[in-house]
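The values are calculated or read from the model by the stated rules, or taken from the named source; none is laboratory data. Predicted model only: the values in this text are computed from it and were never measured. Counting neighbours? That spans all protein chains shown, and the Cβs are built from the backbone with ideal geometry, glycine included.
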Amino acid sequence: MFRTLLAMLMVIASFAVPTSFAEQAETADPQREMVQLAGPEYWREVKSGESGFTVATGAEAGQLINVDGQRWREVRNQWISPLGLIFMGASAASLLLFYLWAGRIKLTNERTGKKVHRWSPFERAMHWFTAINFLILGLSGVVLLYGRHFIKPVAPEALWGSIIYAAKLSHNYLGPLFVLGLLCMLVKWFKNNMINKVDIDWFKQGGGILPNGKHPDAGFCNGGEKIWFWLLATVGVVVCITGLVMDFPIFGQTRADMQIANVIHGIASLGLLAAAFGHIYIGTAGTEGAFEGMATGYVDEAWAKQHHKLWLEEVQNQPAQEGKQPSTDEQKV
């Protein structure tokens, strides 16, 4: 009788529980169960990013979901990334078209062989230190932003991992060094970059690249160099500040602060990089004799007379004012 009763109970149980616990777990809806447990209003507040749903302490610790993160991702991927590519592409294309149209800006007169001292060893070291850091930061930043579109599809997985990791490390650790170099440059050359009437005339004459062939006078820095200086002093400083905010997240920055800094950093750095193409072009392939000054510290007298006539006159008048004679053995002013 006991065995018969047990068998009857098992049959009844099979009808009462048609599915196993495993099957019930597979068909269960966790989100629905949570809504039923806490109520729809509770989970609506959690999804909207409301805080106060955890017992953890600290900044933003009570916020389970950061809804602003999705907005930041959309702005970065749908606006900053494509627009930055357009700006840099337009800058490079414009320089190429200009080169095809005007060619290299050559010296109108033959070189004299006399050298004029333009940059001290400290100034050249400071410039190259900052410039090299800028180029590495620019390249690593481009890899971080666009590498997954252009490098990852064609590179082996191990190689791609090494490239993106190197880009991240170099960008994070060289950023503060670039900040120091940029600040030194701004302080050192601030007095040479105040815009005056001479620069206004320089802009009116197109900086000497107009078809009339007339090259405007300029002091130690011409109008174009001063514009680049003030881009560094404004946009460059914004890049540095926002970069430091992201590089050192130990001063109470919230996730919203980091996202805003990232958006501003991306816009400013891509714009500055696009403008840097012009500075690099003019200082190398675009102008004959320009690179020699930052490479050796000296420029030919013919180059100085053509591009910085007012500065050359000041230099040539200095020995007479100080009772000195210019060196003749090295033929340097």
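Given 168, 191, which one is in the same structural domain as residue 83 (by TED's automatic domain parsing), over 24 Å from residue 242 (Cβ atoms), assigned to a helix (DSSP H, G or I) and among the charged types (D, E, K, R)? Write out each step before concluding.
Numbers: 168 fails: over 24 Å from residue 242 (Cβ atoms).
None of the other options fit; the residue is 191.
Being without any contact (Cβ under 8 Å) to a residue 40 or more places away in the chain and polar (S, T, N, Q) is the filter here, so list the residues in the stretch 76-93 that pass it. First the steps, then the outcome.
First pass over the stretch 76-93, keeping only residues without any contact (Cβ under 8 Å) to a residue 40 or more places away in the chain: 77-79, 82, 86, 89, 93.
Correct list: 77, 78.
I'm told residue 251 meets every condition in (1) more than 23 Å from residue 81 (Cβ to Cβ); (2) modelled with pLDDT of 95 or more; (3) not aliphatic (A, V, I, L, M) except one. Can you identify the failing condition by its number?
(2)
Any idea which of 129, 150, 134, 178 is modelled with pLDDT under 95, within 25 Å of the chain's Cα centre (by Cα) and either closer than 21 Å to residue 289 by Cα or not β-branched (Val, Ile, Thr) (or both)?
Working: 129 fails: modelled with pLDDT under 95; 134 fails: modelled with pLDDT under 95; 178 fails: modelled with pLDDT under 95.
Answer to the selection: 150.
Out of curiosity, is residue 191 closer than 26 Å to residue 224 by Cα, surrounded by 15 or more Cβ atoms within 10 Å (Cβ to Cβ) and of a type in the set (Lys, Arg)? Outline the logic, then answer.
Working: closer than 26 Å to residue 224 by Cα: yes; surrounded by 15 or more Cβ atoms within 10 Å (Cβ to Cβ): no; of a type in the set (Lys, Arg): yes.
When the stated conditions are applied, residue 191 does not pass them.
Quick check on residue 189: is it farther than 21 Å from residue 269 by Cα and modelled with pLDDT under 95?
The answer is no for residue 189.
Quick check on my filter: what residues within the stretch 110-128 are surrounded by fewer than 17 Cβ atoms within 10 Å (Cβ to Cβ) and assigned to a helix (DSSP H, G or I)?
Within the stretch 110-128, 121, 122, 123, 124, 125, 128 qualify.
Condition check ((1) crowded, with 18+ Cβ neighbours inside 10 Å; (2) more than 30 Å from residue 80 (Cα to Cα); (3) within 31 Å of the chain's Cα centre (by Cα); (4) of a type in the set (Gly, Ala, Ser)) across all residues:
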site: 270; (1), (2), (3), (4): yes, no, yes, no
site: 289; (1), (2), (3), (4): no, yes, yes, yes
site: 307; (1), (2), (3), (4): yes, yes, yes, no
site: 310; (1), (2), (3), (4): no, yes, no, no
site: 314; (1), (2), (3), (4): no, yes, no, no
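Within the stretch 200-222, which residues are crowded, with 16+ Cβ neighbours inside 10 Å, more than 28 Å from the chain's Cα centre (by Cα) and either part of a helix (DSSP H, G or I) or among the small types (Gly, Ala, Ser) (or both)?
Correct list: 202, 208, 218, 219.
Could you please find all residues in the stretch 291-303 being within 27 Å of the chain's Cα centre (by Cα) and small (Gly, Ala, Ser)?
Of everything in the stretch 291-303, those that are within 27 Å of the chain's Cα centre (by Cα) and small (Gly, Ala, Ser) turn out to be 293, 295.
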